[in-house]
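One structure is given here, and the rest of the page talks about it.
The values are calculated or read from the model by the stated rules, or taken from the named source; none is laboratory data. What you are looking at is a predicted structure, and each value in this text was computed from that prediction instead of being measured. Cβ placement follows ideal geometry from the backbone for every residue including glycine, while neighbour counts extend to all protein chains displayed. For the accessible areas, the whole protein counts, side chains as well, though only heavy atoms, and no ligand, DNA or RNA atoms are used. Shrake-Rupley method; radii C 1.70, N 1.55, O 1.52, S 1.80 Å.
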Amino acid sequence: MADTPEEQVALYGADGRPTGESAPRSVMRARNLRHAATLIVVRNSAGEVYVHRRTDTKDVFPGRYDFAAGGVLQAGEDPYDAAVREAAEELGVTGVELEPIGEDDYADAHTSYHAFAYTCVYDGPIAWQPEEVAWGAWVSPERLREMLATLDFVPDTVAVLGERLTPGA
């Protein structure tokens with residue numbers, strides 16, 4: 001595996017668009033370079049949201065809970081295609097149409113990115129990627145709100161999607 005080239009990440013400007021430049025993932029993380037990422041909220045037909053806990057080996061926000069699957073856009077990758085790839089890789093969610101729910105920006109001391117957010121309804125089996133997901137479960141919007149108040153969630157998902165997650169609930 002040492003001979004495998006490192007993933008190249010597309011760099012993004014303040015306008016939320018690609019700059020045409022890329023950097024190795026390790027450099028992007030080390031320098032907190034602005035990039036793009038996808039966030040996918042997976043719901044089932046009962047209206048529950050899939051919540052998972054990230055593994056302790058994740059490169060950003062290890063061990064925290066999240067209510068969106070997702071990840072970094074690779075160099076030259078379309079945001080929708082990246083979201084489809086990430087939903088399949090992280091949770092095994094395939095064969096569903098992803099609905100765009102908006103774009104936003106997020107930055108802190110650990111990460112800086114332009115977010116492309118999606119949602120889908122999925123009633124199939126969930127298959128975690130063991131390197132990324134340590135635990136997961138379907139929870140009601142009400143239970144998710146309780147969890148958000150008592151557990152450590154990734155701050156970026158909460159900042160970008162928290163207000164949109166359960167409108168009217």
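Shown for segment 7-117: the carbon plus sulfur share of the solvent-accessible area, taken with all protein chains present and a 1.4 angstrom probe, equals 48%. Each Lys and Arg Cβ is given +1 and each Asp and Glu Cβ -1; about its Cα centre, segment 1-155 then shows a dipole of about 360 debye. Within segment 55-86, whose backbone N sits under 16 Å from a point 7 Å along Cα→Cβ of Trp128? Those under the cut-off are 55-59, 62-70.
Against the chain, whose longest principal axis is taken from its Cα atoms, helix 79-91 shows a tilt of about 60°.
Charging the Cβ of each Asp and Glu at -1 and of each Lys and Arg at +1, and nothing else, the dipole of segment 110-168 about its Cα centre rounds to 160 debye. When the charge dipole of the chain is built from unit charges on Cβ atoms (+1 for Lys and Arg, -1 for Asp and Glu) and taken about the Cα centre, the candidate among Thr150, Gly162, Thr38 whose Cα reaches farthest toward its positive end is Thr150.
Rg of the Cα atoms in segment 5-76, relative to 2.2 N^0.38 Å, amounts to 1.29. Any idea which of Tyr50, Pro24, Ile126 is furthest toward the positive side of the dipole for the chain, if Lys and Arg beta-carbons carry +1 and Asp and Glu beta-carbons -1? The one lying farthest along the dipole's positive direction is Tyr50. In plain terms, if you count all Cα to Cα distances in segment 69-141 and split them into 10 Å steps from zero, the share in each step is 17, 46, 34, 3 percent. Ranked by the mean number of other Cβ atoms within 10 Å of their residues, highest first, the peptides 121-134, 23-36 fall in the order 23-36, 121-134. Taking every alpha-carbon pair under 8 Å whose residues sit at least 6 apart, segment 51-163 reaches a relative contact order of 33 percent. Average accessible surface for the chain: 49 Å² per residue, computed with a 1.4 Å probe over protein heavy atoms with every protein chain in place. Rg over Rh for segment 104-156 works out to 0.99, both radii taken from alpha-carbon positions and Rh defined as the Kirkwood radius. Shown here is the pair-distance distribution of segment 11-131: with all Cα-Cα distances grouped in 10 Å bins from zero up to the longest one, the shares run 13, 45, 34, 8, 0 percent.
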